[in-house]
Amino acid sequence: MAAAALARTRSALTAFSVIINDVVSFLVFSFLDLLDLILCYAYRIADYMIESEWKPCYCTSALEAINGSGGNILVSERGELAKVVRLSSSRLQLEDVSDTLYSRPSLVADVSQSTVKRLASRSSSRSYSVRQQKRFGTARTSGSGFRLNSNIVEMLKDRIVGMKPHPIPRWSDCNCKCCTSWTDSRSKSLFVRSKGAKGYTKEDVLFIHGFISSSTFWSETVYPNLSESAKSSRRFFAVDLLGFGRSPRPTDSLYTLREHVEMIEKSVVEAHKVKSFHIVAHSLGCILAVALAVRHPQSVKSLTLLAPPYYPVPEGEQATQYVMRKVAPRRVWPLIAFGASIASWYEHISRTVCLLICKNHRLWEFLHKLLGINSIPMFLLEGFFCHTHNAAWHTLHNIICGTAGKMDGYLSTVNNSMECDVNIFHGEYDELIPVECSYNVQRKIRRARVRVIEKEDHITIVVGREKAFVKELEDIWKKSPSIGHQES
């Protein structure tokens, strides 16, 4: 009887805590909806006063934000992935952009958006769209195909010549030497930390970090613990993703899946003539790893995924919006879900966070050293600080949410058309990405092995157990099957 009463009490307390969390979350996020709207106008004024131009945002329409970002033209806003023509001095590229960038339902956002559209934005957007259609003719999108009429080439040439580049860095971004060093490089390749053998090797290893991180996540944990035999027989490459660490942070980039993957190919696979390689990826980097692997099916020997953010989408659900709600549930508890919701739902609040933290990262690093805070390694803070809001915002939406409808196909390709070894690690106490995500991947790649690391979380799956983790990696590399055919 006592046990039954205790069980009923626990159940009642749990239900009560859920209700409290829902009520508090509703009030808090309603306030944040309003605050983000206020900050939208505040930043418009600040951008105009400091840089003499508005910085387009997604509050009013995708058209304004994308077409105003420099070198991009929105041609289709239907479905969960908008179609954008990206312009450069040498080629045109059709990009997929997640609708979660400009469609994040909230009461305040809906009211403000309809008001703004009635006053100005809707009329200006329509007139711009009509002008574009008259000059472009009809644009058709079907799958990955794209067709425009014969007038587009001349129009795009005019647009490229007339493009006004955004200042680098923007006033709200850090302008220190570390954060702007990429502007001095002509190649505009990713920053890569290399280690291991010199010259040709039979196989190499590529490391891809997660969201708001950098190559130091690997160079400070894995590199110092590699065995001599591993260092003498392989080359190791840890990249800073586009927009993060010391890599380029272009202000006109939409940080799409194609851009990220092609930059990795250009900076590592092509630059170092990599023919056969293993991939080790963490968190968001797992999506890029899988996308890269299916482009090089005969070259990838093994995939090691740490906390992969894979959420199978139920039938009938819109993939991008479903994953958005899973990653950022608009709840104040647990705190990590609250942080993810702030980063995902609020364009201007998250810009304010970047303004306070990233632009002033030297101050925070100084305080970290002054106070002797040893519980958080400095390299983790450096990875967290070194990015721009533009890069983080677009990467989060276009990679985590924008690939939601593509991941099933990628994983099926790995399962059915590739022979590489697949290993998945996940921390038992990971509150950011649930362990179920790793088992979801295993259901799609039947040969994948999942190992749940007891009492570890999203970060300590590596940090704090570096030697054990490196030993596990080297065992994987030794046991991986040989590749029958290599890409030329």
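The values are calculated or read from the model by the stated rules, or taken from the named source; none is laboratory data. Not measured: the values here are computed from a predicted model. Virtual Cβ from ideal backbone geometry, glycine too; neighbours counted across all protein chains shown. For the accessible areas, the whole protein counts, side chains as well, though only heavy atoms, and no ligand, DNA or RNA atoms are used. Shrake-Rupley method; radii C 1.70, N 1.55, O 1.52, S 1.80 Å.
For the stretch 185-255 versus the stretch 389-427, the spacing of their alpha-carbon centroids is 19 Å. Mind running the shape call on the stretch 192-479? Use the C-alpha gyration tensor, a ≥ b ≥ c as the square roots of the eigenvalues: rounded below 1.5 for a/c, prolate if a/b tops b/c, oblate otherwise. Verdict is rounded for the stretch 192-479.
Accessible area per residue for the stretch 368-488, computed on protein heavy atoms with a 1.4 Å probe, is 48 Å². The length gained by stretching the chain between Ile168 and Lys202 to full extension, at 0.36 nm per residue less their Cα-Cα distance, is 8.2 nm. Would you work out if the stretch 316-425 is rounded, prolate or oblate? Take a ≥ b ≥ c from the square roots of the eigenvalues of the alpha-carbon gyration tensor; rounded if a/c is under 1.5, else prolate when a/b is larger than b/c, oblate otherwise. Prolate shape, in that a/c is at least 1.5 and a/b is the bigger ratio. Near Phe425, the amide H atoms lying under 5 Å from its own belong to Leu305, Leu306, Ala307, Arg451; only residues 5 or more places off or on other chains count, and H is placed 1.01 Å from N.
A crude spin-label estimate for the pair Ala3 and Arg465, with each label 7 Å from Cα along the Cβ direction, gives 3.3 nm. Between the amide H of Glu431 and those of His458, distances stay under 5 Å, these residues lying 5 or more places away or on another chain, with hydrogens modeled in the peptide plane.
Specify whether the C-alpha gyration tensor of the stretch 237-370 places it in the rounded, prolate or oblate class, a ≥ b ≥ c being the square roots of the eigenvalues: rounded for a/c under 1.5, otherwise prolate if a/b is larger than b/c and oblate if not. Oblate, since a/c reaches 1.5 and b/c is not below a/b. Expressed as a whole percent, the accessible area of the stretch 192-479 that falls on carbon and sulfur atoms is 55 (1.4 Å probe). For the set Arg258, Arg234, the ranking by accessible area, highest first and with no ligand, DNA or RNA atoms included, is Arg258, Arg234 under a 1.4 Å probe. Could you sort out which of Lys55/Lys266; Lys55/Lys177; Lys406/Lys478; Lys273/Lys479; Lys202/Lys479; Lys195/Lys273 sit more than 22 Å apart by Cα distance in this structure? Over 22 Å Cα-Cα: Lys55/Lys266; Lys55/Lys177; Lys406/Lys478; Lys273/Lys479.
You can think of it this way: the chain between Arg449 and Val23 has 149.3 nm of extra reach, that is 0.36 nm per residue less the Cα-Cα gap. The magnitude of the dipole of the stretch 192-479, with charges of +1 and -1 set on the Cβ of Lys/Arg and Asp/Glu and taken from the Cα centre, is near 520 debye.
Figure legend: label point modelled 7 angstrom from the Cα of Ala46 along Cα→Cβ; residues of the stretch 334-348 with amide N under 19 Å from it are 342-348.
Peptides 424-431, 459-466 ranked from most to least packed give 424-431, 459-466, packing being the mean of other C-beta atoms within 10 angstrom over each peptide's residues. Of the residues Val300, Cys354, Gly316, the one whose Cα sits farthest towards the positive end of the charge dipole of the stretch 283-372 is Cys354 (charges of +1 on Lys and Arg Cβ, -1 on Asp and Glu Cβ, taken about the Cα centre). Neighbours of Tyr410 by Cβ distance under 11 Å: Lys/Arg scored +1, Asp/Glu scored -1, total +2.
Need one number: nm distance between label points at Leu363 and Glu317, each 7 Å from Cα along Cα→Cβ, rounded to one decimal. Once both label points are built, they end up 4.1 nm from each other. In sequence order, the stretch 228-235 has phi-based couplings of 5, 5, 5, 5, 8, 10, 9, 9 Hz under the Karplus curve 6.51 cos²θ - 1.76 cosθ + 1.60, θ = phi - 60°, and Gly or Pro positions carry x.
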